[in-house]
Number of protein chains: 2
Amino acid sequence: MKPFTSTISFAEARRLVLDAATPLARTETVALTDADHRVAAIDVIVSDDIPPFDRAAMDGYAVRSRDTTGAGPDDPVTLQCIEYVYTGATSSMAVGRGQCIEIATGAPLPEGADAVVMVEETTRDAAHVLIRKPASPGQHIGRRGGDLPRGQVAVRAGQTLGPGQIGALAACGVTRLDVYARPSVALFSTGNEIVEPGRPLDRGQIYDINRFTLASLVHRHGGVATAMPVTADTIDHVTAALESARSHDVIVCSGGSSVGDRDLVVEALRERGEIVFHGVSVKPGKPTALGRIGGTPVLAMPGNPTSCLSNGYLLLVPFLRRLARLPPWEPRAIDLPLARRIASAADRHQFFTVRVADGRVEPAFTGSSHITSMADADGYIEIPAGTPSIDAGSIVRVTLFA
Amino acid sequence: MKPFTSTISFAEARRLVLDAATPLARTETVALTDADHRVAAIDVIVSDDIPPFDRAAMDGYAVRSRDTTGAGPDDPVTLQCIEYVYTGATSSMAVGRGQCIEIATGAPLPEGADAVVMVEETTRDAAHVLIRKPASPGQHIGRRGGDLPRGQVAVRAGQTLGPGQIGALAACGVTRLDVYARPSVALFSTGNEIVEPGRPLDRGQIYDINRFTLASLVHRHGGVATAMPVTADTIDHVTAALESARSHDVIVCSGGSSVGDRDLVVEALRERGEIVFHGVSVKPGKPTALGRIGGTPVLAMPGNPTSCLSNGYLLLVPFLRRLARLPPWEPRAIDLPLARRIASAADRHQFFTVRVADGRVEPAFTGSSHITSMADADGYIEIPAGTPSIDAGSIVRVTLFA
């Protein structure tokens, strides 16, 4: 068994992980209905003014504003109403002197009119309309191109799409658009003891956890996870698994990166590819490695489920988001007092899971081999290396999982 | 044209919307790989201890702790190593007096042993191991059931599942589980001027925006959106559209809820169902109605895209999350100074979109008919009714869209 000869700092590991993440250049075309959370790959230019015509911004009457001069609540101006323009229709007539056209919100402004008077400022008397407030030129008109003028960029390349941007694209009549591809992530767990859920356990065996937790995280952060079979603890099996996953954008495996003499991922990477680092001064998650095989980055995670998932949050998420061209993750965080003193691993950066109850922060971490350290937690606090303990009552920043 | 006779306050509208949201009782079975963001419908009880055996928490040697009494760096205890237990294997021998068994992290503890000594605290000499630190009983052993003991609840009914909970379920060997169904949301836009993207526009027409923005929001908050065709401005068409959508859990339409004499959704609801409210003292989004048709809630949104989407955030999201049994949405928010004075509609609760630039908050809202009021915004501030303006430099809370 070979103990770690050295570890690198968490900050250094994070930097090297980000350095290894080349934003994908690959694009694909998706339907607008599938574009939420995707990243636009090209500037989408507005091809026609939106709206394509001047239109009423209120229900009321299209008027020549100069005809309404001097109108007052008790001293109305009377105009002749010559037509009704529905939304979606167009007027067949122009508004002449002393005339008006009744108009619905969104209907095209008739020729001759330069203002709309709200229905609330009028009284109707058969074919006549009493205008009780003077209209200023342009009043209650939505101008052609006032939302998105022709030639403007509706959505920029690199912009992450959400409901508002999807709305702007719909306004432009866009039905499909080019977005950056989602990173393809191959996931596999190594270990003779690891069994796929659904099969019975033999003595000494446990179910695979990491490919499920990591797959959720991958999907949450813009990737597409492909689960590969559990890999047995032989150098040949591990090497074959790595080689078979090389077509993916990144390989994330777990187990096999500790210090025992059967820790084979690092060995396989040394033989067939390269190691960027092995061993990070973080708790949990020290036996984590970054390497490459045939140019494909490999993130080798610890087998312990909480170690694996915590490095998923700390290292895989930033890596993946850079690959996907998504902005850095900024989860919701709250500052609250610690209910009890926490003794820390002072020499390592610590990811310490917690629960929030009654406005106070309770430890949830019970061990890196316990998935309940994650499952029973609301979030985590990060304790920098060099902090031996945090006293009860100290205000800590909790990064929330949801 | 009939102006609103009255509006209700935003707080009252929100209360009535939440009152109308009955959490779904319908459940469905999903694969564990599809369970992220879903809500468990039953308590999942741990059927067998996890881990199912006592196991080594470190790479090292399984020992009888009493055999290591008095061991020190320069005064080691020598034990005979009789076997190696790999992870996933089981030992064929028991540890007797003066003996030890080499063991990998995660391997079952051999009979006779009551502690594990880390490899770092030993020296190997062929078949002998020099133990350089005394072991305390139970040291570096992960106890059977120490993570999830048999009979414990791994995931509670009503709990929202994320990576950690999915990990706990995987640990239990769960491959499928019962979750609450996602609310089915029928979406349609009304208006003779509204055209499906992909078709050419005639004069006076614009593209449908709202069903795309609302669909994104629905998917983000646990629902399944079904888009129905754009509905023409006749009472028969609108009534038929509402009737045809009654099998969904909620109908969300837009347009047709203003005060013009062609605003038909409210009229159709009055004739065939009921109206809970019509008109909310919120800006934008005043012409919003809540009703029912045959027991199915109907949220009738304004046609203006920013009004529709802002009420999507303010009213539809809380409604939908209650239906889906998801916890209330708590988006990320930041407190920053306002770059310029904002004059508000003092009589209405206001949803005012903003951009964040250089640590200051800039207005993004340019009009409720402009989708760019949303597309070019980073988030929004809420201005309560009764606040006529907010001065430049005031600290405002920005709720971020992402």
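The values are calculated or read from the model by the stated rules, or taken from the named source; none is laboratory data. No experiment lies behind these values; they were computed from the predicted model shown. Virtual Cβ from ideal backbone geometry, glycine too; neighbours counted across all protein chains shown.
Within region B:41-67, how many residues turn out to be away from chain A (no Cβ under 12 Å) and under 14 Å from B:A168 (Cα atoms)?
So the count comes out to 2.
Every residue in region A:292-325 that is among the aliphatic types (A, V, I, L, M) and either outside the structural domain of A:V238 (by TED's automatic domain parsing) or part of a helix (DSSP H, G or I) (or both), please.
Within region A:292-325, A:L309, A:L314, A:L315, A:L316, A:V317, A:L320, A:L323, A:A324 meet the criteria.
Based on this model, can you work out whether A:D358 counts as at pLDDT below 95, in the same structural domain as A:P384 (by TED's automatic domain parsing) and not β-branched (V, I, T)?
Against the criterion (at pLDDT below 95, in the same structural domain as A:P384 (by TED's automatic domain parsing) and not β-branched (V, I, T)), A:D358 does not qualify.
Examine region B:388-397 for a residue that is surrounded by 15 or more Cβ atoms within 10 Å (Cβ to Cβ), modelled with pLDDT under 95 and in contact with a Ser or Thr (Cβ under 8 Å, 6 or more places away or on another chain), and state whether such a residue exists.
So far as region B:388-397 goes, no, none of its residues is surrounded by 15 or more Cβ atoms within 10 Å (Cβ to Cβ), modelled with pLDDT under 95 and in contact with a Ser or Thr (Cβ under 8 Å, 6 or more places away or on another chain).
Please go through region B:176-186 and pick out each residue that is touching a Lys or Arg at 6+ places or on another chain (Cβ under 8 Å) and either small (G, A, S) or facing chain A (nearest Cβ under 7 Å) (or both).
B:A181
Which residues, taken from region A:61-75, are of a type outside the set (V, I, T), closer than 10 Å to A:A115 by Cα and in contact with a strand residue (DSSP E or B) (Cβ under 6 Å, 6 or more places away or on another chain)?
Residues satisfying the conditions are A:Y61, A:A62, A:S65.
Let me spell it out: the conditions are (1) surrounded by fewer than 16 Cβ atoms within 10 Å (Cβ to Cβ); (2) of a type in the set (G, A, S); (3) out of contact with any Leu (no Cβ under 9 Å at 6 or more places or on another chain); (4) within 10 Å of chain B (Cβ to nearest Cβ), and A:A357 meets all of them except one. Which number is the exception?
(4)
Looking at A:R15 and the list (1) out of contact with any helix residue (DSSP H, G or I) (no Cβ under 7 Å at 6 or more places or on another chain); (2) outside the structural domain of A:S310 (by TED's automatic domain parsing); (3) on the phi < 0 side of the Ramachandran plot; (4) at pLDDT 95 or above, which single condition is not satisfied?
The single condition A:R15 does not satisfy is (2).
State whether the residues of region A:236-253 include one that is touching a helix residue (DSSP H, G or I) at 6+ places or on another chain (Cβ under 6 Å) and under 19 Å from A:F351 (Cα atoms).
No, every residue in region A:236-253 fails to be touching a helix residue (DSSP H, G or I) at 6+ places or on another chain (Cβ under 6 Å) and under 19 Å from A:F351 (Cα atoms).
Considering region B:187-216 alone, what residues qualify as being small (G, A, S) and surrounded by fewer than 22 Cβ atoms within 10 Å (Cβ to Cβ)?
B:G198, B:G204
Quick one: would you say B:L323 is modelled with pLDDT of 95 or more, among the hydrophobic types (A, V, I, L, M, F, W, C) and within 24 Å of B:S9 (Cβ to Cβ)?
yes
Quick check on B:D36: is it assigned to a loop (DSSP other than H, G, I, E, B) and either free of Cβ contacts under 8 Å to residues at least 60 places away in the same chain or closer than 23 Å to B:G162 by Cβ (or both)?
yes
So which of B:L130, B:L187 is assigned to a strand (DSSP E or B) and outside the structural domain of B:V224 (by TED's automatic domain parsing)?
B:L130
May I ask you to say which residue of A:G173, A:G162, A:G146 is under 26 Å from A:H219 (Cα atoms) and either buried (at least 19 other Cβ atoms within 10 Å of the Cβ) or among the charged types (D, E, K, R) (or both)?
The conditions single out A:G162.
Specify the residue that is surrounded by the most Cβ atoms within 10 Å (Cβ to Cβ); the eligible residues are those in region B:5-33 that are among the basic types (K, R) and assigned to a helix (DSSP H, G or I).
Checked region B:5-33; the qualifying residue surrounded by the most Cβ atoms within 10 Å (Cβ to Cβ) is B:R14.
For region A:194-211, state whether one or more residues are in contact with a His (Cβ under 7 Å, 6 or more places away or on another chain) and farther than 30 Å from B:R355 by Cβ.
So far as region A:194-211 goes, no, none of its residues is in contact with a His (Cβ under 7 Å, 6 or more places away or on another chain) and farther than 30 Å from B:R355 by Cβ.
Do you know which residues across region A:55-69 are charged (D, E, K, R) and either modelled with pLDDT under 95 or surrounded by fewer than 18 Cβ atoms within 10 Å (Cβ to Cβ) (or both)?
Matches in region A:55-69: A:D59, A:R66.
Suppose we filter A:E111, A:E102, A:E83 for residues that are part of a strand (DSSP E or B), over 42 Å from the mean Cα position of the chain (by Cα), over 19 Å from A:R132 (Cα atoms) and among the acidic types (D, E); which single one remains?
Result: A:E83 is the single residue among A:E111, A:E102, A:E83 that is part of a strand (DSSP E or B), over 42 Å from the mean Cα position of the chain (by Cα), over 19 Å from A:R132 (Cα atoms) and among the acidic types (D, E).
If B:T33 passes every condition in (1) outside the structural domain of B:V117 (by TED's automatic domain parsing); (2) of a type in the set (S, T, Y); (3) under 18 Å from B:A135 (Cβ atoms) but one, which one does it miss?
Among (1) outside the structural domain of B:V117 (by TED's automatic domain parsing); (2) of a type in the set (S, T, Y); (3) under 18 Å from B:A135 (Cβ atoms), B:T33 violates only (3).
So which of B:A402, B:A364, B:A375, B:A385 ends up being within 11 Å of chain A (Cβ to nearest Cβ) and surrounded by fewer than 18 Cβ atoms within 10 Å (Cβ to Cβ)?
B:A402
Please pick out the residue among A:G173, A:G198, A:G158, A:G167 that is facing another protein chain (nearest Cβ under 7 Å) and under 21 Å from the mean Cα position of the chain (by Cα).
Result of the check over A:G173, A:G198, A:G158, A:G167: A:G167.
Considering only residues that are small (G, A, S), within 11 Å of chain A (Cβ to nearest Cβ) and either in contact with a strand residue (DSSP E or B) (Cβ under 6 Å, 6 or more places away or on another chain) or within 15 Å of B:V85 (Cα to Cα) (or both), which ones fall in region B:119-146?
Residue satisfying the conditions is B:G142 alone.
Is it true that some residue in region A:103-118 is within 11 Å of chain B (Cβ to nearest Cβ), under 30 Å from A:L326 (Cβ atoms) and touching a residue at least 60 places away in the same chain (Cβ under 8 Å)?
no
Which residues, taken from region A:84-102, are surrounded by 17 or more Cβ atoms within 10 Å (Cβ to Cβ) and either in contact with a strand residue (DSSP E or B) (Cβ under 7 Å, 6 or more places away or on another chain) or touching a residue at least 60 places away in the same chain (Cβ under 8 Å) (or both)?
A:V85, A:S91, A:V95, A:Q99, A:C100, A:I101, A:E102
Of all residues in region B:201-239 being small (G, A, S) and more than 30 Å from B:R321 (Cβ to Cβ), which is nearest to the other protein chains (Cβ to nearest Cβ)?
Ranking the candidates gives B:G204 first.
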